[in-house]
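Have a look at the structure below before the remarks.
The values are calculated or read from the model by the stated rules, or taken from the named source; none is laboratory data. Note that the coordinates shown come from a computational prediction; the quantities given were computed from them, not determined experimentally. All Cβ positions, even for glycine, are placed from backbone atoms using ideal geometry, and neighbour counts span all protein chains on display.
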Amino acid sequence: MNENFTRPRPNFPKKAVVTSGMPYGNKLLHIGHLGMTIRADIYARFLRDRIGKDNVIYVSGTDCYGSPAVESFRKLQEEGNCPFENISQYVEHNHVLQKQIFDKFNISFNLYGASALGRCGQIHNEVGKWFVEKLAKANMLSVHSSWQFYDEKHGCLLNGRQVIGKCPIENCQSEKGYADECDLGHQYLPQDLIDPVSTLSGEKPKLVKIENLYFDLEKCTDILNEWINSIDRQSDTCKFMVKEIREFFKKPEIYIKREYFDKFDAIKDTLPAFEKLATNEKAPSMTIVFDKLEMREKACEILAQNNIRYRTGKTLTPFRLTGDIAWGAPCPDMYGLKNQTFYVWPESLWAPISFSKAYLEQIGKDENEWKKYWCSDDGQVYQFLGEDNIYFYGPAQQAMWLYSQGENPALHPDDDNLRITKINPIKSILYMDKKASSSGQIKPPMAEEFLKYYTSEQVRIHFLAMNLGSNNVSLNPQAFDPDANKNEIDPMTSEGNLLTNVYNRILRTIFYSTQKHFDGIIPDGIVNDDIREICKKAILDYERFMQDKKFHQAYGTIDVFIRNINKYWVKEIANAVTEESLAKLTVNTMQMIFTANALLHPIAPVGTENVADYIGLDKNLCFDWQYIFDDFYKVLDKTKSRKLKFLKEKEDFFKRSQYQLDLLTSNND
């Protein structure tokens, strides 16, 4: 491959792992899962083409454990029509369905695992034990007591989803408040939940103190600051993520509304030492700041006892590692705690390591092979997730990764130690301009519903083109909108038209022309230098945008490039009056198609591989970036043939759905 360019090329790792957020084991897939997973899959496919398919692992899986699965399974049993003998069977059923749906969208997992099932589950338990022992050795674990709801009628502690009440946060519009957070993500102390009710007995539960194991995240501010400062300078770092993470590095704060000022003045001397931030006389609230988290927590108890409503600011708090829910990954007995399981969030963070190890074992690799991906400067892990999970994958995960080294971690440790991952969050996908939630009033469409109206490649390119790395983006599929004008362009297919209209058109044109004038054999010829330069610029622009995860700009590059292929043909065909001039036009156009097909491959794998098959190109050659700057006929000659596969009349490489074809017919009528 010719690397002699004046423009600096981005660096890529020798080994890469791509991960995407894991769906819970109690549900199927909705548009949020698609938004993350399609973008992750496109990046994994790009990396396979760019650095070699044997050097890239894309893993995700079902997040089996936790209270959502327990509560869903309990309700299923309560309804009396549960076909599953136990929760494991229930979760496995959903896991299989999730994988089948992802397959329909051409998601190319190396392994779609399950944190509680089969060999993946066994390895996941081993990784959990490894992690907690590493953190204990670094002296970063401690035991804390906290309040938990207890159902006296049933004689059991309640998990987070078995308690329903009203969110205590002022002006919150939540429909459901659970034990310590509402369905809009506001977090609070269990004792602050308004009108709590047990979903088991329908009665008010009792609050009891329990002890759990915690990771001392609040001690990690300095090294996390060092980390966030280092990635802030990198071009592929999401800026809104940096801003959000930095908010957690503030000292502990409490906000008190003006209507409680008099009550506050009466008891302020009983609070731990605090600083009151200056505010103007008309401000709706005051802010008080504490030096340490335990001082703020003591103040919260005093305020609650005196019926003073408050909110707490973002800060680093101890990260809970364990609970006593039976359906969970087992935690080793330590610090006097026995028979506990891991809280679902920490064990879901290290699940991709478990899945990577399971996949590498599956293909016969050494048990330490995973370290080449996770624990080496030659490797890099790219994680795709929703913005509501930034806290967990940001401060919590990166701090645990760092302190798995020991008491004095370094951002750039020696080999055999976990490396910092690259976090790629997306903003919210707004369904019909509104935020949808599976637990709220506005339900998002389920992923599989889209395939009744759109092809997988139309959905893939639409999600790629969304600028979700910077903004909330509305999803407005015409097929789901009863008020939509069916004569207008469907927003869901607007980018897909590049494939079904523009690219199909030039592909048919070049095939039909070659079949007519050259008996379907690509003629001899030399690619013009200016065509090579046009292709090279598109490749380099696309490569830079993909490296920076600016997928909407990568799409824009492809869009302009493919439209220009059509314009080039239309402009030059009038002058191609001899066989020689037509051969030259054909060769130049084929060069641009060779480039376009390679750039489109991660986005539309089925269609582009179909194009390669018709041209006669081995897909291991035509999509491999070591050949991407070569003249196409040199790559084609490696297959020993220039004969195109015969293309029938009105044959399309990129299809429309039957729904769209029927709609076109009815509109034409």
Next on the checklist: Can you pull out every residue in the stretch 114-145 that is closer than 22 Å to Ala69 by Cβ and in a strand (DSSP E or B)?
Outcome noted: Ala114
Checklist entry - Which pairs have Cβ atoms under 7 Å, sit 6 or more apart or on different chains, and link a residue in the stretch 539-564 that is part of a helix (DSSP H, G or I) to one that is crowded, with 19+ Cβ neighbours inside 10 Å and among the polar types (S, T, N, Q)? => result Ile539/Thr595; Asp541/Thr557; Tyr542/Thr557; Phe545/Thr557
Item to check | Residues satisfying the stated conditions in the stretch 355-374, i.e. of a type in the set (Lys, Arg) and crowded, with 24+ Cβ neighbours inside 10 Å | outcome: Lys357
Item to check | Answer from Asp559, Asp618, Asp631, Asp548 - the residue that is surrounded by 19 or more Cβ atoms within 10 Å (Cβ to Cβ) and among the acidic types (Asp, Glu) | outcome: Asp631
Checklist entry - Can you tell me which residues in the stretch 40-56 are among the basic types (Lys, Arg) and in contact with a strand residue (DSSP E or B) (Cβ under 8 Å, 6 or more places away or on another chain)? => result Arg48
Checklist entry - Which helices (runs of 4 or more DSSP H) sit wholly inside the stretch 289-365 and have at least 2 residues that are assigned by TED's automatic domain parsing to the domain that holds Leu117? => result 344-349, 351-362
Item to check | Residues of the stretch 233-249 satisfying the condition of being closer than 20 Å to Asn389 by Cβ and either in contact with a helix residue (DSSP H, G or I) (Cβ under 7 Å, 6 or more places away or on another chain) or not in a helix (DSSP H, G or I) (or both) | outcome: Asp236, Thr237, Cys238, Met241, Val242, Glu244, Ile245, Arg246, Phe248, Phe249
Item to check | Residue under evaluation Glu488, criteria (1) touching a Pro at 6+ places or on another chain (Cβ under 9 Å); (2) in a loop (DSSP other than H, G, I, E, B), criterion not met | outcome: (1)
Next on the checklist: Report every pair of residues separated by at least 6 positions or lying on different chains whose Cβ atoms are under 8 Å apart, first residue within the stretch 565-583 and free of Cβ contacts under 8 Å to residues at least 12 places away in the same chain, second in a helix (DSSP H, G or I).
Outcome noted: Asn575/Ser581; Ala576/Leu582; Ala576/Lys584; Ala576/Leu585
Item to check | Failed condition for Phe84, given (1) over 29 Å from Gln458 (Cβ atoms); (2) among the aromatic types (Phe, Trp, Tyr); (3) part of a helix (DSSP H, G or I) | outcome: (3)
Next on the checklist: Within the stretch 597-605, does at least one residue satisfy the condition of being assigned to a helix (DSSP H, G or I), touching a helix residue (DSSP H, G or I) at 6+ places or on another chain (Cβ under 8 Å), surrounded by fewer than 20 Cβ atoms within 10 Å (Cβ to Cβ) and outside the structural domain of Leu47 (by TED's automatic domain parsing)?
Outcome noted: no
Next on the checklist: I need a count of the residues in the stretch 32-87 that are under 27 Å from Cys331 (Cα atoms), crowded, with 17+ Cβ neighbours inside 10 Å, over 20 Å from the mean Cα position of the chain (by Cα) and at pLDDT 95 or above.
Outcome noted: 1
Checklist entry - Counting just the residues of the stretch 297-326 that are closer than 21 Å to Gly394 by Cβ and among the basic types (Lys, Arg), which one comes out surrounded by the fewest Cβ atoms within 10 Å (Cβ to Cβ)? => result Lys314
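Residues are listed down the side, and each one gets a yes or a no for (1) out of contact with any helix residue (DSSP H, G or I) (no Cβ under 6 Å at 6 or more places or on another chain); (2) surrounded by fewer than 18 Cβ atoms within 10 Å (Cβ to Cβ):
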position: Asn94; (1), (2): yes, no
position: Phe109; (1), (2): yes, no
position: Ala116; (1), (2): yes, no
position: Arg119; (1), (2): no, yes
position: His124; (1), (2): no, no
position: Val127; (1), (2): no, no
position: Glu133; (1), (2): yes, yes
position: Ala138; (1), (2): no, no
position: Gln148; (1), (2): yes, no
Item to check | Residue in the stretch 379-398 that is surrounded by fewer than 19 Cβ atoms within 10 Å (Cβ to Cβ), at pLDDT 95 or above and of a type in the set (A, V, I, L, M, F, W, C) present | outcome: no
Next on the checklist: Suppose we filter Glu301, Glu367 for residues that are without any contact (Cβ under 8 Å) to a residue 12 or more places away in the chain, under 20 Å from Ala273 (Cβ atoms) and more than 24 Å from the chain's Cα centre (by Cα); which single one remains?
Outcome noted: Glu301
